[in-house]
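Chemist: After the structure tokens below, expect a handful of questions from me.
The values are calculated or read from the model by the stated rules, or taken from the named source; none is laboratory data. These figures come from a predicted structure and were not determined experimentally. Every residue, glycine among them, receives a Cβ derived from its backbone with ideal geometry; neighbour counts consider all protein chains shown.
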Amino acid sequence: MSWVLRGPAQRFEPREWFAGPEVVELALAGDIGAIRYVEPRPLVCTAPRVTVRSGPDAAAEAVSELLFGETFEIVEVKAGFAIGRSLHDRYIGWAPFEALALPVTDPTHRISARRAPVFAAASIKAAVLHELPFAARVAGVMEGDFLALSGVGFLHRRHVEAAPANRSAAAALFADAPYLWGGRSPDGVDCSGLVQQALAAEGIALRRDTDLQAAEGEAVKFAAREAGDLVFWPGHVGLLLEGDLLCHANAHWMRVITEPLANVMARLPDAEPAVRRFS
């Protein structure tokens, strides 16, 4: 069998493509030569939240997080971890294989509360089996005031109805959430995870890391900034709100805080921030 490469070698972002040297995905067969190509296999996250790491080791650095019901397409399993790619942002990392399963049915609803209790029966007085974080994806049928899940448990309809109407409302659900590198939920979130989840409420898919996010959207002059814009520094990002306030997860306060943009700029005086608009 012979392969014909399409022109000069292209750079495929290693955080988003299985592009070697050991694993090359089949979609790149015409661009990258390899002895073996793999076809990612879609699985879904079955735990409320799962850390995605840089290697197949529980002590490896966190790089992102999977939430219940999100799709993670895997290509290899090693030492109890699967290397895969999150379908919502194409981000690659290692997740515990035991927290993944074959998809049974497509999600029908999305958690819209900061944290939603899953009840054992269709009653707010029933035992709570566990909790699901904001933006987790679930499948079920609405029965009165409750969503009967396809698996086990019931969610109150007010926790799975329409997602927050806009990015600022979604960001507000993360108020005072602890800063957590790689986190994407109100139980712990980092700066890029916060803005990713905020914009997802409006159906806007952001990439995972700040440098990837800053390469997209529309560039806006700093003086022309508006509420809803994202403000970037090297390695940091926040959501601009009315009154020139910035909502951001940061290691200075070690939590999500909304504060005057001027205060943040005073702590980061070495570079004028870049502003990007996503609509």
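Chemist: Could you give every pair whose Cβ atoms fall below 7 Å, whose first residue belongs to the stretch 257-271 and is outside the structural domain of Arg225 (by TED's automatic domain parsing), and whose second residue is surrounded by 10 or more Cβ atoms within 10 Å (Cβ to Cβ) and in a strand (DSSP E or B), counting only separations of at least 6 or pairs across chains?
Modeler: Pairs found: none.
Chemist: Determine which member of the set Ala113, Ala126, Ala139, Ala101 is out of contact with any Asp or Glu (no Cβ under 7 Å at 6 or more places or on another chain) and in contact (Cβ under 8 Å) with a residue 60 or more places away in the chain.
Modeler: Result of the check over Ala113, Ala126, Ala139, Ala101: Ala113.
Chemist: How about the stretch 98-199: which strands (runs of 3 or more DSSP E) wholly inside it have at least 1 residues that are in contact with a helix residue (DSSP H, G or I) (Cβ under 7 Å, 6 or more places away or on another chain)?
Modeler: Per the criteria, 115-119, 140-143, 146-149.
Chemist: Out of Ala122, Ala127, Ala172, Ala116, which single residue is assigned by TED's automatic domain parsing to the domain that holds Asn250 and among the aliphatic types (A, V, I, L, M)?
Modeler: Checking each option against the conditions leaves just Ala172.
Chemist: When residues of the stretch 80-98 are filtered for being touching a Ser or Thr at 6+ places or on another chain (Cβ under 6 Å), of a type outside the set (Ser, Thr, Tyr) and surrounded by 19 or more Cβ atoms within 10 Å (Cβ to Cβ), how many remain?
Modeler: 1
Chemist: A follow-up question, please. Can you name the condition, by its number, that Val77 falls short on among (1) at pLDDT 95 or above; (2) surrounded by 20 or more Cβ atoms within 10 Å (Cβ to Cβ)?
Modeler: (2)
Chemist: OK, next. Can you name every residue in the stretch 29-55 that is among the charged types (D, E, K, R) and assigned to a loop (DSSP other than H, G, I, E, B)?
Modeler: Once the filter is applied, which keeps residues that are among the charged types (D, E, K, R) and assigned to a loop (DSSP other than H, G, I, E, B), the stretch 29-55 yields Asp31, Arg36, Glu39.
Chemist: Going residue by residue through the stretch 200-209, is there one that turns out to be within 22 Å of Asp229 (Cβ to Cβ), aliphatic (A, V, I, L, M) and surrounded by fewer than 19 Cβ atoms within 10 Å (Cβ to Cβ)?
Modeler: yes
Chemist: Looking at Ala251, Ala201 in this structure, which one is among the small types (Gly, Ala, Ser) and modelled with pLDDT of 95 or more?
Modeler: Among Ala251, Ala201, only Ala251 is among the small types (Gly, Ala, Ser) and modelled with pLDDT of 95 or more.
Chemist: Let me confirm something: among Leu155, Leu132, which residue is within 18 Å of Pro48 (Cβ to Cβ) and over 16 Å from the mean Cα position of the chain (by Cα)?
Modeler: Residue meeting the stated conditions: Leu155.
Chemist: Right, next: Go through the stretch 134-148 and report how many residues are within 23 Å of Arg184 (Cβ to Cβ) and surrounded by fewer than 19 Cβ atoms within 10 Å (Cβ to Cβ).
Modeler: Of the residues in that region, 1 qualify.
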